[in-house]
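Notes for the one structure printed next.
The values are calculated or read from the model by the stated rules, or taken from the named source; none is laboratory data. It should be emphasised that the depicted structure is a prediction, and the values quoted were computed from it without experimental measurement. Cβ: placed from backbone, ideal geometry, glycine included. Neighbour counts: every protein chain shown. Just so you know, the surface numbers come from the protein's heavy atoms only, side chains and all, with ligands and any DNA or RNA stripped out. Shrake-Rupley method; radii C 1.70, N 1.55, O 1.52, S 1.80 Å.
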Amino acid sequence: MQFCGFSLRNNLFLAPMAGVTDRPFRRLARKMGAGMAVSEMVTSNSLLYGSAKTRRRADHTGEPEPVSVQIAGADPAMLAEAARYNIERGAEIIDINMGCPAKKICNVMAGSALMQDETLVARILNAVVRAVPETPVTLKIRTGWNRANKNAVAIARIAADCGVRVLAVHGRTRADQYMGEAEYDTIAEIKSRIGIPVIANGDIDSPEKAKFVLDYTKADGIMIGRAAQGRPWIFREIEHFLATGEKLQHPSLTEIHSLLSEHLRDLYDFYGETAAVGIARKHISWYTRELPNSAVFRKTMNTLPDRRSQEATIHDFFRQAPQPEKIMESEHIITTQETLAV
């Protein structure tokens, strides 16, 4: 797939998720078949540029191209500055967040709250596109502020007119948060009305659902968020199904153990052991939540204080896991409490 001047492996995108899609997660998703992975959002507040967290988020060492960084904020000048800042540190694509439904983001009129002010949307998009004329700018939105105010089509037109290269749309309003089911009619309408590529997002959690959404919306690609947590192989499953119409066998316990261990090693190296031990807990829980006899194991993991105890306990869990090696297919359940997808 051609995307913003880059050749991608496919049209499958890892969605930006705050506190989740750090560099270790992005690299693993790409390895497992994602065509591209968008970073977790970086604030446009220049006062935070010197923080360790921001410096870490701006570290893209070893990532395959293209490096796409999502920025968030409500001030056009500050967002333009944030775009330039990230390009200086390796970003090759700038993605603007107008899809996050979190209160702490919307309360400062950022994220999906911006969809209430179409004039401000245009000012922001123009400012960022003009600030980085050599760099593609993309945008992520929702279908509207609430169900009575679905203005995603109007926002999409503004984006295209301002020079945004690609638009990703989550099939819920801000008011919906992650409740109910995503709808794809709005995404299909946007695709039929604008000339730039459209990426569909929301509740895509299986190869069959991916094919349905692509066929129904005619979107140019799909974006997967919560369904990839603890399940990075979903990208290769979807890629294979779209290419062949056949489903891949689920990974063995041995492979899941190997992938989890690889992911944790990258987390320990990236954050340092003290911070990574806490961050690792949610990933360990996601990887093992569908495995037999994992409830006690996951509860125990939340009490372990260091890398050595985490790794030893994980090793024992998989060594004692019931056979056969191949895991029976089970429904992948997503809850709104698991993460904040933006």
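Which condition does Ala80 not pass, out of (1) open to solvent by less than 20 Å² (accessible area, probe 1.4 Å); (2) of a type in the set (A, V, I, L, M, F, W, C); (3) touching a strand residue (DSSP E or B) at 6+ places or on another chain (Cβ under 8 Å), if it passes all the others? If we test Ala80 against (1) open to solvent by less than 20 Å² (accessible area, probe 1.4 Å); (2) of a type in the set (A, V, I, L, M, F, W, C); (3) touching a strand residue (DSSP E or B) at 6+ places or on another chain (Cβ under 8 Å), just (3) comes out false.
Consider Gly195 carefully, then state whether it is farther than 18 Å from Ala37 by Cα, outside any helix (DSSP H, G or I), modelled with pLDDT under 95 and not aromatic (Phe, Trp, Tyr). Outline the logic, then answer.
Working: farther than 18 Å from Ala37 by Cα: yes; outside any helix (DSSP H, G or I): yes; modelled with pLDDT under 95: no; not aromatic (Phe, Trp, Tyr): yes.
In short, no.
Looking only at residues that are over 17 Å from the mean Cα position of the chain (by Cα) and hydroxyl-bearing (Ser, Thr, Tyr) in segment 1-47, which one is modelled with the highest pLDDT? Top of the filtered list is Ser7. For segment 152-174, a residue qualifies if it is open to solvent by 30 Å² or more (accessible area, probe 1.4 Å), at pLDDT 95 or above and assigned to a loop (DSSP other than H, G, I, E, B), and the qualifying residues are Gly163, Arg165. Considering every residue within segment 96-105, establish whether at least one is modelled with pLDDT under 90, β-branched (Val, Ile, Thr) and within 20 Å of the chain's Cα centre (by Cα). Checked segment 96-105: at least one residue is modelled with pLDDT under 90, β-branched (Val, Ile, Thr) and within 20 Å of the chain's Cα centre (by Cα).
Scanning segment 138-151 for residues that are part of a loop (DSSP other than H, G, I, E, B) and in contact with a Lys or Arg (Cβ under 6 Å, 6 or more places away or on another chain) returns Thr143, Gly144, Trp145.
Checking Thr288, Thr217 one by one, the residue that is touching a helix residue (DSSP H, G or I) at 6+ places or on another chain (Cβ under 7 Å), closer than 28 Å to Thr313 by Cβ and modelled with pLDDT of 95 or more is Thr288 and no other.
Inside segment 240-256, residues that are among the small types (Gly, Ala, Ser) and part of a loop (DSSP other than H, G, I, E, B) make up a count of 1. Being hydrophobic (A, V, I, L, M, F, W, C), open to solvent by less than 10 Å² (accessible area, probe 1.4 Å), in contact with a Leu (Cβ under 6 Å, 6 or more places away or on another chain) and assigned to a strand (DSSP E or B) is a description that applies to Ala37. Could you check, for segment 175-184, whether at least one of its residues is open to solvent by less than 10 Å² (accessible area, probe 1.4 Å) and not in a strand (DSSP E or B)? The answer is no; no qualifying residue exists. Residues in segment 281-304 that are more than 15 Å from Arg231 (Cα to Cα) and β-branched (Val, Ile, Thr): 3 in all.
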